[in-house]
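Report on one structure; see the data block that follows.
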Amino acid sequence: MSRSLSSRSRTTAKLLLGSAVLGLVPAQLAAAPVVEQQITVNQIGYRTKAKKVAVLADPVYGFNAAVEYIPGDSVQVRRVSDDVRVLGVKTQIWNDGKPDTSTSTIGIWNDAQGKNVDTTFLSSFAGDRVWWADFSSLTTPGDYYLYDAKNDRKSYDFRIADDVYDKVLQAAVRMFFYQRQGMDLDAKNAGVWNRKADRLQDSVATTWTGSLNPRDVRGGWWDAGDPNKYMTYTTKTLWQLFDAFENNAQAFTDATNIPESGNGVPDLLDEIKWELDWMLKMQNVDGSVHSRVVDAEGTTYPGVGGPEAVKAKRHYTLASTWSSACFAAGVANASRFFKLYKAVYPGYSDTLLARAKLAWTYLEANPTRFPVDGKDGMILKDGTVDKRAGGDKDYEEMGRLLASAELFRATGEAKYQTYFDANMPTPNLNGFVAIDPMGGTYTWVGQIALVSYARTPKATAAKLDIIRKAFREINYWFDPTGPIAGADPYRVKNWYYSWGSNQLMSDWGLTPIYGKAVGMSLGSGEDPLARGEEYVHYLLGRNPMSMAYLTNIGKKGLNLGAERCATSMFHIWSMSKPGYTQFDYDSSTYGQLPGYLTGGPNFTYTYETGAGALQELRFQPHMKSYKDWSGDWPQNSWTITEPAIYYQAAFVNLLSHFATGSGTAPSATGISGPSRSGLSKASATLRGRELSITGVDLAKATLLDPAGHVVERFEIQGGKATLAKRPAGMLLLRLEGEGLNATVPVLSLR
């Protein structure tokens, strides 16, 4: 069977008629211009000095192909307050007026015959012919819109300001608070989106066989739109959130209205601790870590009553090497950050690092995958054992690699570096890029392992060179802002919009930023941050759906400026309230849980061919394979609109690079890279020959007497060093290394 998406006939008669009619209307009586969704902009807005390019689209393929929109040769930027024109911008046609197309062959499930058949059809990423309008020269803060005088149409409003993303970032971080499991979210902190604690039975969870004693595994975050909790899926989630904090600590305040607000620790770290406390409960005395916590099969998606009404048994699955590796990576990384807040959480950093080392000891004793079949013991309804949640190459091999990188970064111990150097696969640098976020040798976990290792003092030079070359290559091939004929119509790059594509867009936006972080060199004039910001524009409205993919950030909810945002998602908390009327859809009383990044366009919904599948979503261009809805089985909206903590964390990390923020930076730079501020507070204590440094893990050190004479040179590792001999008198310690250049006094204790 073959199916082609045919182009409709082109006509401008309708436009000419409209223009003629509009021309007869006296200016003083003319109605306000109508919003044209084909003029796509970042509906939140733009930083003052950022590149600002709108995409104007005439649909050729897909659900909106009947729409005809040909913009004028130029558009205006107008102020919202008085509708005054402040800038004229010429429109530049993309790809000589041709949409992007390619021929694809995919397998389709045939219900009638019960077998797979191949279907070949004309595919397109965007399905549009587009024009670009560059208004980067406008740097004056204010509220604006684009106006197409030829068609008397306008864009959605947007704001220009340096802090334009700050409140959006805060809203995105609060998603994790709403995902908390096992505690009441009261009205004081959650507002109208309050709820009672769910799954309190996690305090007596058992294995699937019931052979082990009940275990208290309360806490942590719901993984996605359901209350399951997975160890493996915390890996990238925690890394992204810590990376965001390390990049821009001032963007994260201690005043976001969570229960821990005001305790002297940025709320982002308090929120992460809620997840870490659950993770610690999942570890055994031998260092192994259990894989996941789930409902008894068949009770995950309740009806009326909400998640708090579900009283079914909860189970935890077998311990595994892949979950142990992911645990080791996450808590080792966390130990560096919580060391900065020992006064509030005394001993917590030490506990995290000790637990990470214990998990690594278990991995050393089990050098190959266990269980060997990659299954963690979860039994499905049909009696088969589920093989999910990380029992594959990515989470086994790449999880170990990331764990070694994070333990090396946290401790400086040679054995972790030795493991990384011996097990780091070599990217293919001769064509296919092996470190892209979607596949190849490095996926998800592997790419961030390279970044962590490259940021560590004493990283092997040969490995650093390979890592930098790999990032340089992927950024060469995937440049969304190159010459107009070679770029993508919506100024983003992605070669397959699959399940969770919005996470992939964040990952693609972070890829050039990671390259910069590891010391990748680009050609003159290249700006990795500018490339990354193009993906922010896509996610916040400049896309073929003309939609900001964050939930309820418009006037009904957080009122952050997006007039057209996601109003529905697959999330059983909001869907299980009576009649779905309180929270789901824009017509609901309060609107959806706010600030959630939905899964995004998913071209693989084409495979959903059951009787209840939405036919309107089949065979759409990749970027139009989206619908703002929350249909349960067999519509399977979870493949398109369901959120996830790892989707959210990638977006938070990407956005953090463009936020200003009013938070307070940490007082020491033991977590920081070369671009961070210098050491502002630190202390050094000497007991005998044992020197301890507060706030600095790894550094080169020089011990000086008060006259500036060198007493001894050595290295600080794990915040400690043993001197060759005990010095006498007053001493100073000069620290040099990753982001360090400071001298601190030494307190000598007998």
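Miscellaneous remarks
- Cross-link partners of LYS313 among aspartates and glutamates (Cα-Cα below 20 Å; sequence separation of 8 or more within a chain): ASP184, ASP198, ASP202, ASP216, ASP223, ASP226, ASP295, GLU297, ASP376, ASP382, ASP386
- Amide H contacts under 5 Å for ARG129, placed H, 5+ residues apart: ASP58, VAL60
- Ordered by solvent-accessible area of protein heavy atoms (1.4 Å probe), largest first, the residues THR604, THR207, THR743 come out as THR743, THR604, THR207.
- Per-residue ³J(HN,Hα) for segment 65-73, Karplus 6.51 cos²θ - 1.76 cosθ + 1.60, θ = phi - 60°, Hz, x for Gly and Pro: 4, 6, 6, 10, 9, 10, x, x, 5
- Phi angles across segment 620-634 convert, under the Karplus curve 6.51 cos²θ - 1.76 cosθ + 1.60 with θ = phi - 60°, into 3J(HN,Hα) values of 7, x, 3, 6, 10, 7, 9, 9, 8, 7, 9, x, 7, 4, x Hz, Gly and Pro given as x.
- Placed amide H near LYS556: partners under 5 Å, 5+ positions off or other chain: none
- Each residue of segment 327-338 was assigned a 3J(HN,Hα) from its phi angle through the Karplus expression (A = 6.51, B = -1.76, C = 1.60, θ = phi - 60°), giving 4, 4, 5, x, 7, 5, 4, 4, 4, 5, 7, 6 Hz with x at Gly and Pro.
- Per-residue accessible area (protein heavy atoms, 1.4 Å probe) orders GLU68, GLU736 as GLU736, GLU68, starting from the largest.
- Under 5 Å from the amide H of SER320 lie the amide H atoms of VAL289, SER291, each residue being 5 or more positions distant or on a separate chain, with H modelled from the backbone and absent for Pro and chain starts.
- Area of ARG85 that stays accessible when all protein chains are in place (1.4 Å probe, Å², to 10): 130 Å²
- Too-long pairs where the Cα-Cα distance tops 28 Å, listed order kept, from LYS196/LYS342; LYS167/LYS516; LYS196/LYS555; LYS51/LYS493; LYS229/LYS555: LYS196/LYS342; LYS229/LYS555
- Oblate is the label for segment 241-376, because a/c, from the alpha-carbon gyration tensor with a ≥ b ≥ c as root eigenvalues, is 1.5 or above and a/b does not exceed b/c.
- By the rule of a C-alpha distance below 19 Å, with chain neighbours fewer than 8 residues away ignored, the aspartates and glutamates paired with LYS720 are ASP350, GLU406, GLU413, GLU690, ASP697, GLU712, GLU736, GLU738.
- Candidate residues GLU364, GLU396: accessible-area rank, largest first, probe 1.4 Å: GLU364, GLU396
- Shape category assigned to segment 510-551 from the gyration tensor of Cα positions, a/c cut at 1.5: prolate
- For ARG153, solvent-accessible area (1.4 Å; no DNA, RNA or ligand), Å²: 80 Å²
- With DNA, RNA and ligands ignored, accessible area of ASP143 (1.4 Å probe; Å², nearest 10): 80 Å²
- Counted by Cβ distance under 12 Å from VAL217, the other residues give a net charge of +4, where Lys and Arg count +1 and Asp and Glu count -1.
The values are calculated or read from the model by the stated rules, or taken from the named source; none is laboratory data. It should be emphasised that the depicted structure is a prediction, and the values quoted were computed from it without experimental measurement. For neighbour counting, all protein chains shown are included, and Cβ atoms are generated from backbone atoms with ideal geometry for every residue, glycine included. The protein model used for the area step is the full one, side chains on, heavy atoms only, and it has no ligands, DNA or RNA in it. Shrake-Rupley method; radii C 1.70, N 1.55, O 1.52, S 1.80 Å.
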